[in-house]
Amino acid sequence: MQLTRFTDYALRTLIYLASQPANKKVALSQLAETFEMNLHHLNKVSQKLPQLGYLVSTRGKQGGVALARSPEQITVGEVIRDMEPCLTAVDSADCLERPARPLSENLTWSVWPRSVSLLRMR
């Protein structure tokens, strides 16, 4: 499955925020710099995530984004289904079945090793 950049940015944002202390607000510019993301595109993603109930967003000098719920209540599959405009069904007979993992567990088991390695470097 190939994910859109929109979904990739959403997952990176959520994984990064899951690694932060609870309710810590992070500036979008910090996220964009950390993951070398386009800030304009990240702004679009950060408008969608609060609409879906993943983030709370605060404007202003002390503003930023934070998780709206605990990382244990968010799964990667849920995020992908919410963010991808069209998912093509595949024959999963040859796939390993893995239970939906909370976002916090995906910090150690991740399909986005670059994201996780960048978190560890900082």
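The residue that is modelled with the lowest pLDDT, among those in region 7-33 that are surrounded by fewer than 17 Cβ atoms within 10 Å (Cβ to Cβ) and touching a Ser or Thr at 6+ places or on another chain (Cβ under 8 Å), is Ala22. On inspection, Thr4 fails the criterion of being more than 17 Å from Gly77 (Cα to Cα), modelled with pLDDT under 90 and β-branched (Val, Ile, Thr).
Listed here are the helices (runs of 4 or more DSSP H) enclosed by region 1-75 that have at least 2 residues being under 22 Å from Cys86 (Cβ atoms) and in contact (Cβ under 8 Å) with a residue 60 or more places away in the chain: 5-18. Inspection of region 34-42 identifies at least one residue that is surrounded by 12 or more Cβ atoms within 10 Å (Cβ to Cβ) and over 19 Å from Thr4 (Cβ atoms).
The values are calculated or read from the model by the stated rules, or taken from the named source; none is laboratory data. Since the structure is predicted, the reported quantities are computational estimates derived from the model, not experimental observations. Cβ coordinates were reconstructed from backbone atoms using ideal geometry, including for glycine residues, and neighbour counts include every protein chain displayed.
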